[in-house]
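Everything on this sheet refers to the single structure shown next.
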Amino acid sequence: MSVVVQPLPDVNPLQDSLRFDRRVPPCAIVIFGASGDLSKRKLLPSLYRLFYERRISSSFAVIGSSRTPMSDDVFRDRMKESVSKFLEDAPFDEDVWQSFAQCLFYVPGDLANPESYEDIKRKLGQVEKTNETAGNALFYLSTQPSYYAEAILELGKHDLQKGSGWRRVIIEKPFGHDLTSARKLNDEIHKVFDESAIYRIDHYLGKETVQNILAFRFGNGIFEPLWNRRYIDYLQITAAESIGVEGRGAYYQEAGALRDMIQNHLSQVMATVSMEPPTVFDANNVRDERAKLLRSVRIMKPEDVPKYAVSGQYGPGKIGGQDVPGFREEPSVDKNAQTDTYAAVTFFVDNWRWAGVPFYVRTGKRMPKRVTDIAIQFKGPPLGLFSQETRTGLREARPNLLVLRIQPEEGISLRFLSKSPGSGMRVRPVSMDFNYGSSFGERSPTAYETLLLDAMAGDPTLYTRQDMVEASWQIVQPILDLWANTKFDFPNYPAGSWGPKASDEMLARQGHVWRIP
Ligand code: BG6
């Protein structure tokens, strides 16, 4: 018997035909950890949205699984609540929901219990008939990371990695806790799944603005000739968040900012901004270049870590006029926690293009605002012919700054000097701005929409590969090792500030300052 799926309302034909032309084959997605936060906030809203835009066919099913016992109907009700709450910039449509809900199923189960996998197998067989999923299945591991290896081995024991259609697995970050555990996890996964079926997710690679870096660099002729050590003085990559740990204290206390953001998201952003052009734009060529770049990042000697890496932790402070507690006062956090909630690192890429150019990368919780951007500071002209006016009265030593704004105001700005009106030849910095929202006038898909669709379509370009994951662990490992054996005098920055003084000092030693984004 097939499920009757109600007709969907018309979507904007412009969106449908021009931008969203990727359609995917029938399939079932099995979400392990379906009652968790990621599933509620990101996965289900993204799947609903893809369904709404008809980018996934109605021959589709989601099988949620977690320890919480509940029926299909209760699962549908809970997901309806989450989807309507967490849909980003998109309306919730009751009719579409009714059709979508018929594709949702739930199997209660414990990852450690072999019977749970048999239940999932039965359910997959069932939806293959009722929802015509053609035996294709995508397993999404959104559980506690310590269960990943066990769950994959069990999938293998129950022959779930094979079926009448394709089988793939998506693994959420963190992929390992350090280099050794990441390697071990890779080995375990490879016992069951072939590398071509493994999708390691890093949602930053799915962000439109991160993808646009490649379009900007390699789709235009004018920037790439300048994109090297001869013209670029330094780069700054900032990912600031005003939120704290939001109920994730227990996880975050063990992870810290370096592991949570720099090892994965920001090292991938850094690779995207600095990799060589691929010869062909396909999964392997793009990933080869990202991996090659990450392997060129200098691995710090232990004695260099204090010079090139700064760790911070927020104390109580104020954000937007509101008092906020320090990290050690957050729920489930140890009163003496040595966790870094701020990390700043100076990386060097030892290749011909970048030798000697510092890449300053920083991230922190409880910063004054949420902003992620990449600032590329070009060198100044050889002679300063004009006297310069600035709003602050300070002379800008190097006027040409290119900022790739990842979020929340997505766009690109280029700063250059212009003549100030009036007699005499005085110049002042001005800026040329491109704004994503106003230029395209339509909503961009969220990172999870893009990535889920890609995995269903079998396109791993925006997923990380084993060699990339290992290379990015390698570049942070000396810092993690030293910090694990250091007793920091925390907290060292108040909530609502731009981080510890030591971070400014790290740049000052190179004659540079952090930009206020
Ligand atoms: C996650 C981190 O991977 O990325 C979080 O675990 C962080 O701590 C989040 O808040 C940031 O993602 P985004 O898309 O909001 O910048």
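The values are calculated or read from the model by the stated rules, or taken from the named source; none is laboratory data. Everything numeric here is computed off the predicted structure, so don't read it as measured data. Methodologically, a virtual Cβ is constructed for each residue, glycine included, from the backbone with ideal geometry; neighbour enumeration extends over all protein chains shown.
Taking the stretch 459-510 as the range and being under 18 Å from D304 (Cα atoms) and in a loop (DSSP other than H, G, I, E, B) as the test, the residues that pass are N485, T486, K487, F488, R509, Q510.
Can you confirm whether the stretch 506-516 contains a residue that is within 24 Å of the chain's Cα centre (by Cα), aliphatic (A, V, I, L, M) and more than 27 Å from F378 (Cα to Cα)? No, there is no match, as no residue in the stretch 506-516 is within 24 Å of the chain's Cα centre (by Cα), aliphatic (A, V, I, L, M) and more than 27 Å from F378 (Cα to Cα).
On the given criteria, is I213 within 21 Å of Y436 (Cα to Cα) and assigned to a loop (DSSP other than H, G, I, E, B)? No, not satisfied. So, in the stretch 191-215, of the ones that are within 16 Å of the ligand (Cβ to nearest atom) and of a type in the set (A, V, I, L, M), which residue ends up farthest from the chain's Cα centre (by Cα)? Top of the filtered list is I213.
The condition of being within 16 Å of the ligand (Cβ to nearest atom), in contact (Cβ under 8 Å) with a residue 40 or more places away in the chain, touching a Pro at 6+ places or on another chain (Cβ under 9 Å) and of a type outside the set (K, R) does not hold for T363.
None of G249, G317 is in contact with a Ser or Thr (Cβ under 9 Å, 6 or more places away or on another chain), crowded, with 17+ Cβ neighbours inside 10 Å and at pLDDT below 95 except G249.
Just give me the residues in the stretch 176-210 being in a helix (DSSP H, G or I), of a type in the set (G, A, S) and in contact with a Leu (Cβ under 7 Å, 6 or more places away or on another chain), in sequence order.
Across the stretch 176-210, the qualifying residue is only G206.
For the stretch 216-256, name all the residues that are within 11 Å of the ligand (Cβ to nearest atom) and part of a helix (DSSP H, G or I). Matches in the stretch 216-256: Y251, Y252, A255.
Can you pull out every residue in the stretch 404-418 that is in contact (Cβ under 8 Å) with a residue 24 or more places away in the chain, away from the ligand (no atom under 15 Å from the Cβ) and out of contact with any Pro (no Cβ under 6 Å at 6 or more places or on another chain)? Selection gives G411, I412.
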